[in-house]
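Engineer: Below you'll find the structure I mean.
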Amino acid sequence: MFDLIVLIILLALGYGFGRLAEKRHYKSIIARERKYRKLYVIAAKFPPVTLPPPSSTLVTGSVVISVDYFKRFLAALRNLFGGRVKSYESLLDRARREAILRMKQQAAELGADMVFNIKIETASISKGRKQTVGSVEVLAYGTALIPEAAGASSGIR
Amino acid sequence: MLITNLEIVPGKRVVKHLGLVQGSSVRAKHVGRDIMASLKNIFGGELKGYTELLQESREEAMNRMQQQAQSVGANAVLNIRFSTSSVAQGAAELFAYGTAVVLE
């Protein structure tokens, strides 16, 4: 009986705080995506040769993010029936977009106007009980191309 | 030292290839962070402590890679890749590797 009460309290806490956190996070993601829309992120390996030679540097962005207790419970139920696990889909979506945004932010601070050859790496760093995914780390990295004038002023080769 | 994950450097020519250089670092979190993280596992959200920890250890891996590149006489590392793996409960390995080259 006591266990059941604890479970229900944890589920309620997870549901309440998790929803709040997710809503707030999506709001900030959308706002920042709008802000950095002009900074292009391109998954091509070679920058076009027509560009005047810019200076380049590696930029990275990473985030570790965790699901709440309620969603993990839902996902465990999903394991019984199969199908899309929406609660983890939104977790990974948030993590990727956040990582890309942090990378863009770093690039913008350096005065870059493009980021080339973006790679996204996902790792589940801590596994919870019964090998369920507890939290994921997403790393986004790429090469920021800085136009000559901006690169010279900030001292980067 | 120039570090990039492109295979070429715009506007510069590669004079000499020096082969693969790599750096890695394995870090564990301390108990305080673990407790915070397990709380966050109930509420959900970003684990700031872990983000910082992984960033630090990634920088260390990159530093080691740069040292290796310097010791073979390179002045740039191209085509960098990162990889993360959790080797044990509570510890993660961060690995960075790339091609050391001499640019003109």
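Engineer: Please go through segment B:21-65 and give me each residue that is more than 18 Å from B:Ser85 (Cα to Cα), polar (S, T, N, Q) and more than 11 Å from chain A (Cβ to nearest Cβ), ordered by number.
Structural biologist: B:Asn63
Engineer: Oh, and also: Applying the selection to segment A:43-80, what residues are assigned to a strand (DSSP E or B), of a type outside the set (S, T, N, Q) and at the interface with chain B (Cβ under 7 Å from one of its Cβ atoms)? Even if it seems obvious, please write down each step before you answer.
Structural biologist: Just the residues of segment A:43-80 that are assigned to a strand (DSSP E or B), to begin with: A:55-66.
Remaining after also requiring of a type outside the set (S, T, N, Q): A:58-59, A:61, A:63-65.
Answer for segment A:43-80, where residues must be assigned to a strand (DSSP E or B), of a type outside the set (S, T, N, Q) and at the interface with chain B (Cβ under 7 Å from one of its Cβ atoms): A:Leu58, A:Val63, A:Val64, A:Ile65.
Engineer: Moving on. I need the full set of residues from segment A:20-42 which are among the charged types (D, E, K, R) and part of a helix (DSSP H, G or I), in order please. If you could, list the steps in order and put the result at the bottom.
Structural biologist: At the first step, the residues of segment A:20-42 found to be among the charged types (D, E, K, R) are A:22-24, A:27, A:32-35, A:37-38.
Of everything in segment A:20-42, those that are among the charged types (D, E, K, R) and part of a helix (DSSP H, G or I) turn out to be A:Glu22, A:Lys23, A:Arg24, A:Lys27, A:Arg32, A:Glu33, A:Arg34, A:Lys35.
Engineer: Which residue out of B:Ile42, B:Ile35 is open to solvent by less than 60 Å² (accessible area, probe 1.4 Å), β-branched (Val, Ile, Thr) and not in a strand (DSSP E or B)? Before you say what the answer is, go through the steps one by one.
Structural biologist: Numbers: B:Ile35 fails: open to solvent by less than 60 Å² (accessible area, probe 1.4 Å).
Result of the check over B:Ile42, B:Ile35: B:Ile42.
Engineer: Tally time: how many residues in segment A:20-37 are in contact (Cβ under 8 Å) with a residue 24 or more places away in the chain and open to solvent by 100 Å² or more (accessible area, probe 1.4 Å)? Let's see the steps before the verdict.
Structural biologist: Keep residues of segment A:20-37 that are in contact (Cβ under 8 Å) with a residue 24 or more places away in the chain, which gives A:21-22, A:25-26, A:29, A:32-33, A:36.
Remaining after also requiring open to solvent by 100 Å² or more (accessible area, probe 1.4 Å): none.
Residues in segment A:20-37 being in contact (Cβ under 8 Å) with a residue 24 or more places away in the chain and open to solvent by 100 Å² or more (accessible area, probe 1.4 Å): 0 in total.
Engineer: Follow-up question, since we're still on this one. For segment A:47-78, which residues satisfy the criterion of being open to solvent by 80 Å² or more (accessible area, probe 1.4 Å), closer than 25 Å to B:Leu6 by Cβ and without any contact (Cβ under 8 Å) to a residue 24 or more places away in the chain?
Structural biologist: A:Val49, A:Thr50, listed by residue number.
Engineer: Between residues in segment A:84-102 that are farther than 18 Å from A:Gly14 by Cβ and residues that are open to solvent by less than 40 Å² (accessible area, probe 1.4 Å) and assigned to a helix (DSSP H, G or I), which pairs lie under 8 Å by C-beta distance while being six or more apart or on different chains?
Structural biologist: A:Arg97/A:Ile29; A:Glu98/A:His25; A:Glu98/A:Ile29; A:Leu101/A:Ile29
Engineer: Looking at this structure, is A:Lys71 modelled with pLDDT of 90 or more and farther than 22 Å from B:Leu54 by Cα?
Structural biologist: Details: modelled with pLDDT of 90 or more: no; farther than 22 Å from B:Leu54 by Cα: yes.
Considered against the rule, which asks whether it is modelled with pLDDT of 90 or more and farther than 22 Å from B:Leu54 by Cα, A:Lys71 comes out as no.
Engineer: Continuing with this model, one more query. For segment B:45-80, what are the residues that are in a strand (DSSP E or B) and within 17 Å of B:Val9 (Cβ to Cβ)? It would help to see each step written out before you state the result.
Structural biologist: To start, the set of residues in segment B:45-80 that are in a strand (DSSP E or B) comprises B:45-46, B:76-80.
Residues satisfying the conditions are B:Ala76, B:Val77, B:Leu78, B:Asn79, B:Ile80.
Engineer: When you go through (1) within 12 Å of the chain's Cα centre (by Cα); (2) within 14 Å of chain B (Cβ to nearest Cβ) one by one for A:Lys104, which number turns out not to apply?
Structural biologist: (2)
Engineer: Shifting gears a bit: Yes or no: A:Tyr40 in contact (Cβ under 8 Å) with a residue 24 or more places away in the chain and away from chain B (no Cβ under 14 Å)? Walk me through how you get there before you give the answer.
Structural biologist: Working: in contact (Cβ under 8 Å) with a residue 24 or more places away in the chain: yes; away from chain B (no Cβ under 14 Å): yes.
It is true that A:Tyr40 is in contact (Cβ under 8 Å) with a residue 24 or more places away in the chain and away from chain B (no Cβ under 14 Å).
Engineer: Hey, another quick one. Between residues in segment B:4-20 that are at the interface with chain A (Cβ under 7 Å from one of its Cβ atoms) and residues that are assigned to a loop (DSSP other than H, G, I, E, B) and open to solvent by less than 50 Å² (accessible area, probe 1.4 Å), which pairs lie under 9 Å by C-beta distance while being six or more apart or on different chains?
Structural biologist: B:Leu6/A:Pro47; B:Ile8/A:Pro47; B:Pro10/A:Pro47; B:Pro10/A:Pro54; B:Gly11/A:Pro54
The values are calculated or read from the model by the stated rules, or taken from the named source; none is laboratory data. Just so it is clear, the model here is predicted, and its values are computed rather than measured. Quick reminder, even Gly has a Cβ in these numbers, built from the backbone with ideal geometry, and neighbours come from all protein chains shown. Accessible surface areas use protein heavy atoms only, side chains included; no ligands, DNA or RNA. Shrake-Rupley method; radii C 1.70, N 1.55, O 1.52, S 1.80 Å.
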